[in-house]
Amino acid sequence: MTQLKPTLEVTVSNAAALETELAAAVEAVRQEALAERRCGILITRHGVGKYTVSLSEDVPFGLTWERDAG
């Protein structure tokens, strides 16, 4: 999958923080996606409590996909 900047790393130690932290990261990346208007957002789980949120040309504009790389 092709990824573009920005990529934000999200690390959480409990489930309660996961939704809040991921939502904040997605919103930050969404602003860039709206400016680019050519790619969507990819959330990748790298392991327990470790995620990245990034723009990806492989994700259609307006969509958010999730992937488990862990």
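Just a few scattered comments:
- Residue among Ala16, Ala23 that alone is under 12 Å from the mean Cα position of the chain (by Cα), assigned to a helix (DSSP H, G or I) and surrounded by fewer than 15 Cβ atoms within 10 Å (Cβ to Cβ): Ala23
- Evaluation of Ala35 against (1) part of a strand (DSSP E or B); (2) aliphatic (A, V, I, L, M); (3) modelled with pLDDT under 95 (one fails), failing number: (1)
- Scanning region 47-70 for residues that are touching a Ser or Thr at 6+ places or on another chain (Cβ under 7 Å), assigned to a strand (DSSP E or B) and more than 12 Å from Pro6 (Cβ to Cβ) yields Lys50, Tyr51, Arg67.
- Across region 45-58, the qualifying residues are those that are of a type in the set (Gly, Ala, Ser) and out of contact with any helix residue (DSSP H, G or I) (no Cβ under 8 Å at 6 or more places or on another chain), and the one among them that is surrounded by the fewest Cβ atoms within 10 Å (Cβ to Cβ) is Gly47.
- Among (1) touching a residue at least 60 places away in the same chain (Cβ under 8 Å); (2) on the phi > 0 side of the Ramachandran plot - the single one Arg67 does not satisfy: (2)
- Qualifying residue in region 29-44 (condition: basic (Lys, Arg), over 11 Å from the mean Cα position of the chain (by Cα) and surrounded by 12 or more Cβ atoms within 10 Å (Cβ to Cβ)): no
The values are calculated or read from the model by the stated rules, or taken from the named source; none is laboratory data. Quick caveat: nothing in here was measured; it's all calculated off a predicted structure. Every residue, glycine among them, receives a Cβ derived from its backbone with ideal geometry; neighbour counts consider all protein chains shown.
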